Amino acid sequence: MRPIVLALAAVVAMTGCSVQHMVDARRDRLEALGERDASDGHVWFAAGQGPTVVLVHGFGDQAGSWTAVARALAPTNRVIVPDLAAHGQAAPAHPMDFEHVYEQLVATLDAAGADKELVLVGNSLGGWLSLRFAIDHPERVRQVIAVDSAGLSHVVRRELLLPSTKAEMRDKLEALGGGLDQPLPGSMLKQFIDSERPEYGELFDSFQAGDMLDSGLSKLTVPTSLVWGADDGFFDLAYARRLQTAIPGSHLTVLPGCSHSPQYDCAPELVAAIREDLASPPAAPVVRVMDPHH
């Protein structure tokens, strides 16, 4: 099992804290880096000064997932971390579908004053949204770094993203983290299940072929890098290579031993990859494997 799940299980077991309490504590640490802002249902965190880096979380997640990455980047960058619609503390979109979640992200960035020379770093659904934003608004984007990104046609079982039983939740955690070395207590699995919001189901059920970027990626003109956890159980390395092929001139960096959301379990390795891509934006296709001791 990846360290994030082990660490969370250990803390919950030792302290008696709930999973929600751990999420809230992560968000508190993110806010402590700078400030939390809200406007008309849009919620974002901001910290630091310098070139703007936007960190966009994935499906069923929230801004606090980026705390360690934001802390590392804030000394040299203005870091903006939004909650997507119906995630974290942001209001739902109406209707709760991909297009309106995307439009709410655009509105959140407008409200945050993130209007030009943006570096978009997005994980999973956040990568998909970031790629769409760069296609639609290339004049506002300097670079995209898509981390274990969705966006291509690909089958993900509904129960894998939206488990309703403890067995399904175990399958989800295995996909997130590359396998469980030890069983988690049923009470903890139930906490994870109970944290799923009904809007997540609405969003998942709304996805359709027209939302996918299979054909649209050929229109992407900004430098784009892919960073991938080698143990991703949702989008494997074959999918990552398909995505790289679809994006002209993109880089693919593989993080050995890392999961679908490396901002949790491999934050130092992910930060190193982001910094390398910021220093040397891709100019030609290449695949590189990060040294796990980087």
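The values are calculated or read from the model by the stated rules, or taken from the named source; none is laboratory data. Remember, predicted model here, so these are calculated numbers, not experimental data. Glycine gets a Cβ as well: all are built from the backbone with ideal geometry, and neighbour counts include every protein chain shown.
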* Pull up region 229-267, narrow it to residues that are in a loop (DSSP other than H, G, I, E, B), in contact (Cβ under 8 Å) with a residue 60 or more places away in the chain and of a type in the set (Asp, Glu), then point me to the one that is nearest to residue 124 (Cα to Cα). => 232
* Asked: Pick from 149, 124: which is in contact with a Phe, Trp or Tyr (Cβ under 7 Å, 6 or more places away or on another chain), touching a residue at least 12 places away in the same chain (Cβ under 8 Å) and on the phi > 0 side of the Ramachandran plot?
  -> 124
* Asked: Does at least one position in region 116-126 carry a residue that is out of contact with any Asp or Glu (no Cβ under 6 Å at 6 or more places or on another chain) and within 16 Å of residue 35 (Cβ to Cβ)?
  -> no
* **Extreme residue, modelled with the lowest pLDDT, among residues of region 265-294 that are within 18 Å of the chain's Cα centre (by Cα) and among the charged types (D, E, K, R)** => 265
* Structure fact -> Filtering region 107-143 down to residues that are of a type in the set (Asp, Glu) and buried (at least 17 other Cβ atoms within 10 Å of the Cβ) yields none
* Taking region 63-94 as the region of interest, how many residues are surrounded by fewer than 24 Cβ atoms within 10 Å (Cβ to Cβ) and charged (D, E, K, R)? -> 2
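Does residue 217 qualify as being buried (at least 16 other Cβ atoms within 10 Å of the Cβ) and free of Cβ contacts under 8 Å to residues at least 24 places away in the same chain? Talk me through it step by step, then tell me what you get.
On the way: buried (at least 16 other Cβ atoms within 10 Å of the Cβ): yes; free of Cβ contacts under 8 Å to residues at least 24 places away in the same chain: no.
Taking the combined requirement at face value, the residue does not satisfy it.
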* Scan (1) assigned to a loop (DSSP other than H, G, I, E, B); (2) out of contact with any helix residue (DSSP H, G or I) (no Cβ under 7 Å at 6 or more places or on another chain) for the single condition residue 60 breaks and write down its number. => (2)
* To do: Identify, by number, the condition in (1) closer than 30 Å to residue 279 by Cβ; (2) buried (at least 16 other Cβ atoms within 10 Å of the Cβ); (3) out of contact with any Lys or Arg (no Cβ under 7 Å at 6 or more places or on another chain) that residue 199 doesn't meet.
  => (1)
* Structure fact -> Out of (1) in contact with a Pro (Cβ under 8 Å, 6 or more places away or on another chain); (2) small (Gly, Ala, Ser); (3) within 24 Å of residue 132 (Cβ to Cβ), the one residue 240 does not meet is (1)
